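What follows is one structure encoded as structure tokens, with my remarks underneath.
The values are calculated or read from the model by the stated rules, or taken from the named source; none is laboratory data. Since the model is a prediction, treat every value here as computed from it, not as a measurement. Positions of Cβ are generated from backbone atoms using ideal geometry, with glycine treated the same way; all protein chains shown enter the neighbour counts. Accessible surface areas use protein heavy atoms only, side chains included; no ligands, DNA or RNA. Shrake-Rupley method; radii C 1.70, N 1.55, O 1.52, S 1.80 Å.
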Amino acid sequence: MRILFKSVLILDSTSSYFQQKVDLLSENGIWKEIAPSITSPADTKIDCENLRWYPSVIDLRVHHTLPGGEFKEDWSSLKSAAIRGGVLDLVLLPTGNPVPQQAEAIQFIRNQSSELSYFPIAPLTLDNKGDNFTDLYDLHQAGAHWFSHGSGSLQNTDLMVKCLQYLQTLPVTLVSRPISEGLSVYGQIHEGLQSTLMGLKGIPVLAETLSIKRDLDLLRYVQSNSFGNGSEGFKLHFSCLSSKESVDLIRQAKQEGLPISADVAIHQLIFTEEDLADFDTNKKVDPPFRTQEDQDALWNGLQDGTIDAIVSDHHPIEVEMKEIEFDQASFGVVGLETLLPALLQAANQRNINAIDTWLHHGPAKLMGIDAAKLSVNFPSKGVLVAEKQVEYQESMILSKSKNSAFLNHTFDHQIVGVVNGPFYTSF
């Protein structure tokens, strides 16, 4: 199968063709020719105006509903939503019911699709209850290279330090979504002016920063007492930063040389607490949208390398748990399909041209996998985007759950094709 893409603007910042318009010829999933003009025959020719080429998206944070949550998302809808958003590599949180916590479960998830790559995160404790450890080494041997306490942070300090002590001997990543649960009980949105105006209990920034400080102190303690047994491949990853203070803490820790990394959810870069004034439950997320100052700090953290990646934090929620009173509604938004278009629009508004570092190259480095390379004889892998205004409607969502924060939002870019080796999907 030969596919020819005509006059495509390359926006892979690592490519020698960056910001050039070229023709791309893929044959049986491999780049056969890249040149200003290609006249070779092809089975399929893609020739549209204003085509742009980006590396595919690697999403480091997807809430996994399987098994047990098929009514919210199943394997088929997850795959369709991911491909629609150009997400070809997905890191899945251990949030199914029952929790996938056996070696066989890890292997099963990894083998689910030939068109996508699934990377399951293994749970630190049985059933994410924070009582007893899982078989951490066996799970690692089965193919799990990331570990977490469900979608949050292990609250038991003794267990957390023991997890750090054990896992820091392996080339793995321990993920923490920083939250001190005791400070966020019954919290609904960011603790500030908007929570006061809306009459809702707030979630303070302190709930996030206190957790980060604890984990950093524990990491320092473990490293200082590792007696040379620490693995150079070990990392502590902080997921879904939401505040200026959090960015400052991560920046200082990186300057200190601690083996840490961090990500931010795309919706934190676009919405603030003021966007909740209409009580839209589709914008109810945890951590909550915070202030404009916090949002600006998150963007600064991305640009100076403090934050390594942008994630969707894709979290399918059934309609019954969203179309109710705000304080009763569940936290979470779907985001696989909108991650790339939303980032392109937001970055453009801030005059940022290169976004692939945060969606592909940075995540690939964190995961220890090969990044896509736009070069002859390398696998074809990437996303075709057209400059086209599209109003995002519920009917367009391929996920089983429709809880998108971007309903009725007009995007400036539309994904029109996705290439992954021999697989090509056009929209």
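Points to keep in mind about this one:
Quick grid of which residues meet (1) open to solvent by less than 10 Å² (accessible area, probe 1.4 Å); (2) of a type in the set (D, E, K, R); (3) closer than 22 Å to residue 116 by Cα:
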| position | (1), (2), (3) |
| --- | --- |
| 21 | no, yes, no |
| 34 | no, no, no |
| 63 | no, no, yes |
| 69 | yes, no, yes |
| 75 | no, no, yes |
| 79 | no, yes, yes |
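- Just one of the listed residues (397, 324) is within 30 Å of residue 95 (Cβ to Cβ) and open to solvent by less than 20 Å² (accessible area, probe 1.4 Å), namely 397.
- Test: residue in segment 184-204 that is hydroxyl-bearing (Ser, Thr, Tyr) and under 23 Å from the mean Cα position of the chain (by Cα): no
- All helices (runs of 4 or more DSSP H) inside segment 41-147 with 1 or more residues being within 30 Å of residue 386 (Cα to Cα) and under 15 Å from the mean Cα position of the chain (by Cα): 75-84
- Hits in segment 6-22 (condition: in contact with a Phe, Trp or Tyr (Cβ under 8 Å, 6 or more places away or on another chain) and either modelled with pLDDT under 95 or under 12 Å from residue 375 (Cβ atoms) (or both)): 10, 12
- All of 253, 262, 207 fail the test of being under 25 Å from residue 309 (Cα atoms) and touching a Phe, Trp or Tyr at 6+ places or on another chain (Cβ under 6 Å), apart from 262.
- Just so you know, in segment 258-290 the residues that are free of Cβ contacts under 8 Å to residues at least 60 places away in the same chain and assigned to a strand (DSSP E or B) include one that is nearest to the chain's Cα centre (by Cα), and it is 264.
- Among the candidates 99, 91, 87, the residue that is out of contact with any Cys (no Cβ under 8 Å at 6 or more places or on another chain), more than 24 Å from residue 262 (Cα to Cα) and either hydroxyl-bearing (Ser, Thr, Tyr) or buried (at least 20 other Cβ atoms within 10 Å of the Cβ) (or both) is uniquely 99.
- Candidate set from segment 129-188 (those that are exposed (fewer than 13 other Cβ atoms within 10 Å of the Cβ) and β-branched (Val, Ile, Thr)); member that is nearest to residue 368 (Cα to Cα): 157
- So residue 346, is it at pLDDT 95 or above, within 30 Å of residue 226 (Cβ to Cβ) and assigned to a helix (DSSP H, G or I): no
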